[in-house]
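Structure first, commentary second.
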Amino acid sequence: MSAYKTLVVHPEKCNGCGECEVACAKVKANTNDVTYSRIKVIKGLKEEFFGPVVCMQCGEPNCVKSCPAGALTKNQKTGVVEWNKDRCVSCAICTLGCPYSGIYYHPELATVIKCDHCGGDPECVKVCKPKALEYSVEAKVYEEQGQLEDLFGPDLAACMGCNMEILVRHTLRHIGPDTVLAAPPGCLPGVCAVGFNGATGTKVPSFHPLLTNTAAMLAGLRRYYKRIGRDVTALALAGDGGAADVGFQSLSGAAERGEEVLFICIDNEGYMNTGMQRSGTTPFGSWTSTTPVGPGLRGKTRDSKYMPLIMLMHNCEYVATAVTAYIQDFHEKLEKAHQASKRGFAYIHVFSPCTTGWRFPGDKTIEVQRRAVATNFFPLWEYEKQTGKLRFTRPVDNPEPIENYLSMLGKFRHLNREEIDHLRRTAEERVRILKAIEASGLENYRLAS
Amino acid sequence: MQTKYLIIGSSHAGLSAADEIRVHDSDSPLTMISMEDCLPYSPTILPYILEGKVEEKNVYLRDEKFFQDKKINFLRGKKAVKVDPSVAKVELDDGREISYEKLLIATGSEPTLPPIPGLKESPYYVLRTMEDAKRINAAAMQAKSAVILGTGLVGMHAAEALGRKGLKVTMVELLPQILPGYFDAEAAKFVQGVFTKHGIAFYLNNPAVKVESSSVTTKISLKEGQEIEGELLLVATGVKPRVEFLRDTNIQIEQGIIVDEFMRTSQENIWAAGDVAQGKDFFTSKTGLNAILPDAYEQGKIAGLSMAGDPAVIMAFEELGQELAFSYPGGINRNTFNFYGNRSFSVGLALATEEDGYEIDKMFFPGGGVYQKLVFQGEVLVGAIGINVTLDPGVILNLIRRKVLLGNVKSEFVVKPLEMSRQLMWSHWRGVAVKRN
């Protein structure tokens with residue numbers, strides 16, 4: 001069993017141009033007649049609506065089950081539902097089985113036609129200007145990661161729905177066993193990293209620095225290993241307290257000195273493991289146990305500091321923001337950060353929703369992250385010093401209303417219009433600044449040693 | 001011998017159940033019995049074998065490797081002759097007994113013979129098994145003319161196939177129209193016209209009353225007095241569940257084996273699925289047969305889930321109640337029919353009329369060979385017929401099954417059913433609801 005590439009359709013991005021139909025008809029039937037296209041655009045309805053329809057290559061395809069001729073099969077290697085011309089009797093019962101408009105009877109051909117992913121390089125995706133079609137390899141990550149050793153033990157003990165497990169398992173698998181892990185006070189040590197009775201939950205050496213000295217200790221470790229001739233990755237998995245607040249002086253110093261450290265800040269916007277107190281990264285208006293909501297107070301009165309930009313201005317080798325909800329994106333950033341940490345300081349700021357402290361159901365962890373990205377509350381970007389360029393890795397041109405994100409969380413439940421607008425403006429302003437940097441680049445930073 | 005799961009029958013329902021059982025229980029002994037000594041195939045393919053559209057070697061739904069890989073003990077050429085639920089045993093025609101823990105009866109259906117004097121004594125053919133198809137093909141090599149009793153899908157398919165082989169084909173129907181199960185009078189008339197154009201003769205509303213045979217031909221006398229002759233007589237007047245071997249059990253049988261939402265019969269540890277089962281109807285509170293391929297694999301799947309004790313069925317049933325469990329939604333009549341280069345489909349209450357209280361929208365261009373009928377009950381689509389129209393029958397089926405409220409898009413749906421049904425698919429079951437501002 002393996003993960004398959006999929007043709008992902010983003011109907012909200014489709015503009016109905018029909019280029020995909022033209023390209024498909026051309027490549028599949030060498031004609032301009034779009035009736036031969038395997039992908040179809042919905043057009044001409046009163047209320048503008050564009051949603052390309054195409055075979056979903058179902059896991060349990062009804063078309064396959066309803067074929068009396070055994071002409072349709074699910075290819076277990078590629079995931080594509082394949083049509084065998086020699087066996088097909090053109091009865092079209094498959095079109096009755098498919099609930100997704102994925103297989104059509106073509107009267108001139110007198111057979112059914114369906115998408116076959118062009119053998120792994122779909123033509124429609126190449127011509128889709130608004131990027132409504134995507135040939136996704138997202139699932140590939142799990143296939144690749146499945147081959148690597150899981151460097152955390154079983155039975156991690158986190159709150160239900162916690163993002164931590166997916167985050168740390170993916171991170172350590174990717175970075176590999178030649179790693180020393182620093183886990184300062186925060187949720188992660190409790191979840192497993194420092195373990196119990198002298199045994200850690202990790203299969204790599206890990207240690208428990210103070211909240212204040214994580215980056216400094218890692219810097220020393222990296223230097224020591226280098227001196228004895230070992231290339232060991234110095235990895236920090238620190239909370240926002242251990243990175244942005246209490247741990248900031250050592251972090252700032254290490255980054256400024258260009259220490260060869262990979263520092264990952266797991267930002268759950270507060271001191272969650274000690275009882276959900278506010279931190280420097282807690283957003284404006286948030287309920288926390290130290291910024292309560294009642295007759296006098298309405299949550300946090302100050303804005304969060306935007307830590308990723310602060311780190312960008314430290315002249316790091318690599319700075320990125322990431323979420324586990326877009327795991328492919330996260331892995332690409334891990335890879336770049338890992339390489340960069342051999343040259344200098346690499347920093348990834350991971351937005352990590354806390355079911356307990358933010359108050360949302362445990363099964364919504366991924367959804368909360370996606371809404372945060374889609375509303376531009378937490379834009380995804382990366383900066384590479386080698387190019388001096390900042391790049392949005394998942395640009396959101398038409399952000400959803402910020403309420404779509406805020407309304408998912410109990411900690412924002414009390415917000416009024418004005419407060420919501422304030423959060424929206426803050427988010428907009430951050431994107432504006434990031435776009436300005438994206439446009440101008442940081443040329444002098446690139447040249448700096 | 002002993003087995004945990006025993007499946008009698010190896011067509012769509014049986015195979016679908018086996019697939020499902022193996023998803024949830026990959027090891028327990030699973031035995032499948034087929035009365036024919038060949039790999040599994042679909043009876044639906046048989047008219048296409050007559051037509052020569054596909055070779056016999058290319059129609060089998062599974063190969064030997066499948067049974068090895070899935071650890072299924074496949075007994076071919078064996079017929080179950082007796083079931084004894086009290087001791088959980090099935091007896092085969094070779095005298096062997098099989099003890100089961102869970103039994104699925106998926107024996108399908110067999111042709112019915114109308115009570116016409118002389119029919120049984122005359123040489124006639126039916127089309128239900130691979131052997132039948134081979135026999136008809138052999139006979140068609142010699143014959144110059146054929147008479148077909150019955151104008152259902154099997155009869156119509158056979159008529160086209162035999163007509164294409166050069167036989168003079170005459171069709172006899174008891175009812176006033178052809179394809180009475182799927183098409184209303186207008187659609188049926190159009191289809192009949194196409195067949196007539198291709199030389200097929202019809203006698204409708206005019207049942208056969210007597211069959212006589214000589215050494216070469218068979219003579220059929222009709223109610224209105226006509227006498228027609230053919231060298232090949234094919235009886236295609238319908239099918240009935242193959243339940244004869246269950247007669248002396250106490251499994252509840254009416255037209256077919258009575259089953260509940262999980263395809264369970266009245267007897268513990270016995271399930272039934274496919275043509276043989278009499279399950280609930282989607283539109284009414286009644287039960288009935290729905291002897292069609294798409295229902296067979298769905299019922300088989302549910303039976304398989306239920307037999308293997310899948311949580312989707314069992315837990316949901318216990319914790320959420322019947323409505324929310326994965327269960328049989330009720331049979332919806334549906335089929336596709338392609339004939340002489342035309343395409344058609346029928347779904348749901350396709351025969352409904354305005355007199356029955358339904359709202360009907362029809363589009364008919366006989367010249368262009370186009371017919372479209374949409375049947376609504378209030379704001380919900382309940383049936384459709386399409387001849388040479390571009391629609392997605394599967395999407396239409398789901399609009400019906402999900403009882404999608406059309407609301408204020410109904411008038412546009414009538415004009416642009418293809419586009420609108422695709423939009424409704426997006427917003428109701430394909431995932432994200434999308435609307436452009």
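None of the figures in this text is laboratory data; all of them are computed from the coordinates on show. Nothing here was measured: the structure is a model prediction, and the numbers come from that model. We place every Cβ from the backbone using ideal geometry, glycine too, and count neighbours over all the protein chains shown.
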All lysines inside 29 Å of residue B:71 as judged from Cα atoms, apart from same-chain residues fewer than 8 positions distant:
A:65, A:74, A:77, B:4, B:57, B:79, B:82, B:89, B:102, B:301
Number of partner chain Cβ atoms within 10 Å, mean per residue of A:97-109:
6
Can you give me the angle between helix A:417-440 and the longest principal axis of chain A, using Cα atoms only, in degrees from 0 to 90, rounded to the nearest 10?
90 degrees
Give me the one-decimal nm value for the distance between modelled label points at residue B:135 and residue A:131, 7 Å along each residue's Cα-to-Cβ direction.
6.5 nm
Within region B:12-41, list the residues whose amide N lies under 16 Å from a label point set 7 Å along Cα→Cβ of residue B:96.
B:29-39
In region A:201-284, which trypsin sites (Lys or Arg not before Pro) are in a loop and have at most 10 other Cβ atoms within 10 Å, using DSSP for the loop call?
A:230
Aspartates and glutamates whose Cα lies under 15 Å from that of residue A:13, excluding same-chain neighbours fewer than 8 positions away:
A:48, A:134, A:397, A:400
Share of antiparallel DSSP beta bridges in region A:170-285, in percent to the nearest 5?
15 percent
Per-residue average of Cβ from other chains inside 10 Å of A:239-251:
0
Mean projection area, nm², convex hull over Cα of region B:341-430
5.8 nm²
I need the P(r) histogram for region A:19-159: all alpha carbon pairs, bin width 5 Å from 0 out to the longest distance, whole percents.
2, 9, 15, 19, 18, 13, 8, 6, 5, 3, 2, 1, 0
If packing is taken as the average count of other Cβ atoms within 10 Å, what order do A:287-300, A:338-351 fall into, highest mean first?
A:338-351, A:287-300
Could I have the simple spin-label model distance between residue A:403 and residue B:87, label points 7 Å from Cα toward Cβ, reported in nm to one decimal?
7.2 nm
Could you please rank A:314, B:428, placing first whichever residue has the fewest other Cβ atoms within 10 Å of its Cβ?
B:428, A:314
Per residue of B:420-430, how many C-beta atoms from partner chains lie within 10 Å of its own C-beta, taken as a mean?
5
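Kindly state, to the nearest 0.05, the FRET efficiency for residue A:339 paired with residue A:8, given R0 = 25 Å and r defined as their beta-carbon distance. Walk me through the numbers before you get to the answer.
Values: r = 28 Å, r/R0 = 1.13.
With R0 = 25 Å, the Cβ-Cβ based efficiency is 0.35.
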Once R0 is set to 51 Å, what does the formula 1/(1 + (r/R0)^6) return for the Cβ-Cβ distance between residue B:285 and residue B:390, expressed as a FRET efficiency to the nearest 0.05?
0.90
Rounded to whole Hz, the Karplus (6.51, -1.76, 1.60) HN-Hα couplings of region B:414-429, x for glycine and proline:
5, 7, 10, x, 5, 5, 5, 5, 5, 5, 5, 4, 4, 7, 10, 9
Suppose we flag GluC sites (Glu not before Pro) only when DSSP calls them loop and at most 16 other Cβ atoms lie within 10 Å. Which is the longest uninterrupted stretch of chain A?
A:150-449
Karplus ³J(HN,Hα) for region A:389-394 (6.51 cos²θ - 1.76 cosθ + 1.60, θ = phi - 60°; Hz, whole; x = Gly/Pro) runs 10, 9, 9, 6, 8, 9
Report, to one decimal in Å, the Kirkwood hydrodynamic radius for the protein assembly as shown based on all distinct Cα pairs.
31.5 Å
Neighbour-count ranking [beta-carbon atoms within 10 angstrom, fewest first] of A:421, A:86:
A:86, A:421
Efficiency of FRET between residue A:73 and residue B:362 - r from beta-carbon atoms, R0 41 angstrom, step 0.05:
0.60
To the nearest 500 deg cm²/dmol, what mean residue ellipticity at 222 nm is calculated for chain A from DSSP H runs of n ≥ 4 alone, each contributing -39,500 (n - 2.57), summed and divided by the residues?
-8500 deg cm²/dmol
Pseudo-spin-label distance residue A:313 to residue A:143, built 7 Å along Cα→Cβ, given in nm, is 4.5 nm
Tally of Lys pairs whose C-alpha atoms are under 26 Å apart, taken over region B:130-237, 8 or more apart or cross-chain
24
For residue A:342, list the lysines whose Cα falls under 21 Å from its own Cα; do not include residues on the same chain fewer than 8 positions away.
A:226, A:333, A:385, A:389
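Sort largest first and round to whole Å: the equivalent ellipsoid semi-axes of chain A, each the square root of five times a Cα gyration tensor eigenvalue. Walk me through the numbers before you get to the answer.
Details: eigenvalues 398, 135, 98 Å².
Semi-axes, largest first: 45, 26, 22 Å.
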Given a cut-off of under 8 Å on Cα pairs at least six residues apart, what relative contact order in percent is computed for region A:150-447?
15 percent
Length gained, residue B:248-residue B:354, 0.36 nm per residue minus C-alpha separation, equals 33.7 nm
Scattering curve values for chain B, log₁₀ I(q)/I(0), Debye with Cα scatterers, q = 0.06, 0.14 Å⁻¹
-0.28, -1.38
State the extension gain, in nm to one decimal, for the chain segment bounded by residue A:359 and residue A:110, taking 0.36 nm per residue of separation less the distance between their alpha-carbons.
84.0 nm
Please give the contour-minus-distance gain from residue A:413 to residue A:84: 0.36 nm per residue of separation, less the Cα-Cα distance, rounded to one decimal in nm.
112.9 nm
